[in-house]
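A.B. asks: Structure incoming, see below.
Please treat every number below as a calculation from the coordinates, not as lab data. Values in this document were obtained by computation on a predicted structure and should not be read as measured data. Glycine also receives a Cβ, built like all others from the backbone with ideal geometry; neighbour counts cover every protein chain displayed.
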Amino acid sequence: MSDVLEEDEIRSGLPHGWRLVGDEIVRVYEFDDYLAGVAFASEVGELADEEFHHPEIQIRYDEVEVQFTSHEAGGVTEQDLEMAERTDDLR
């Protein structure tokens, strides 16, 4: 299991567009329409399943919110930051 990162480590490692909220990192992606967001959420789900590191995903009409944290570790780990970068690569 990975170690929980300190807040300054998280902030310095956050990819652009992500923010720290409590013990999670969060990003909202905007889309032109609902189905584009659904397709993106599906891609995120496939990536998460491959890596066995599953985010919370909220799909709204024109946006998708993705939240990563490592529940077993009790906060944000290096794996969360890596998954955030890989999620950005899907866009």
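A.B. asks: Please compute the length gained on full extension between residue 32 and residue 62, using 0.36 nm multiplied by the number of residues separating them and subtracting their Cα-Cα distance.
C.D. replies: Numbers: separation 30, 0.36 × 30 = 10.80 nm, distance 0.60 nm.
In short, 10.2 nm is gained.
A.B. asks: While we're on this one: Could you tell me the distance between the Cα centroids of the range 68-91 and the range 1-65, to the nearest Å?
C.D. replies: 7 Å
A.B. asks: Related question: Compute the acute angle (0 to 90°) between the alpha-carbon long axis of helix 34-51 and the principal axis of greatest extent of the alpha-carbon atoms of the chain; round to the nearest 10°.
C.D. replies: Computed tilt is about 40 degrees.
A.B. asks: What percent do you get for the relative contact order of the chain when only Cα pairs under 8 Å and 6+ apart count?
C.D. replies: Values: 134 pairs, mean separation 34.2, N = 91.
Relative contact order, the chain: 38 percent.
A.B. asks: Would you look at the GNM of the chain, springs on alpha carbons closer than 10 Å, and say which of 14, 35, 81 moves the most?
C.D. replies: Between 14, 35, 81, it is 35 that shows the largest mean-square fluctuation.
A.B. asks: Okay, next question. Projecting each Cα onto the charge dipole of the chain (Lys/Arg +1, Asp/Glu -1 at the beta carbon, about the Cα centre), which of 69, 17, 52 comes out farthest on the positive side?
C.D. replies: 17
A.B. asks: For 80, 88, 33, what ranking results if the residue with the fewest other Cβ atoms within 10 Å of its Cβ goes first? Provide the component values of the computation, followed by the final result.
C.D. replies: Values: 80 27, 88 15, 33 9.
Ordered by Cβ neighbours within 10 Å, fewest first: 33, 88, 80.
A.B. asks: Tally Lys/Arg at +1 and Asp/Glu at -1 over every other residue whose Cβ is under 14 Å from the Cβ of residue 21; what's the total?
C.D. replies: On the way: positive: 11, 19, 27; negative: 7, 23, 24, 56, 65, 80.
Cβ neighbours under 14 Å give a net charge of -3.
A.B. asks: May I ask for the equivalent-ellipsoid semi-axes of the chain, computed as the square root of five times each C-alpha gyration tensor eigenvalue and listed largest first in whole Å?
C.D. replies: Working: eigenvalues 103, 37, 21 Å².
Over the Cα atoms of the chain, the ellipsoid semi-axes are 23, 14, 10 Å.
A.B. asks: With each label point set 7 Å from Cα along the Cα-Cβ vector, what nm distance links residue 91 and residue 20?
C.D. replies: 2.1 nm
A.B. asks: As a check on your grasp of the helix formula, calculate [θ] at 222 nm for the chain: sum -39500 (n - 2.57) over DSSP H runs of n ≥ 4, divide by the residue count, round to the nearest 500.
C.D. replies: Details: 3 runs with 37 residues, N = 91.
For the chain, the value works out to -12500 deg cm²/dmol.
A.B. asks: Suppose every Lys and Arg Cβ carries +1 and every Asp and Glu Cβ carries -1, with no other charges. What dipole size does the chain come out with about its Cα centre, to the nearest 20 debye? Before the final figure, lay out the partial values.
C.D. replies: Details: 6 positive and 26 negative charges, 49 e Å.
That gives the chain a dipole magnitude of about 240 debye.
A.B. asks: Full extension from residue 12 to residue 50: what is 0.36 nm times the residue separation minus their Cα-Cα distance, to one decimal in nm?
C.D. replies: Length difference between fully extended and current span is 11.1 nm.
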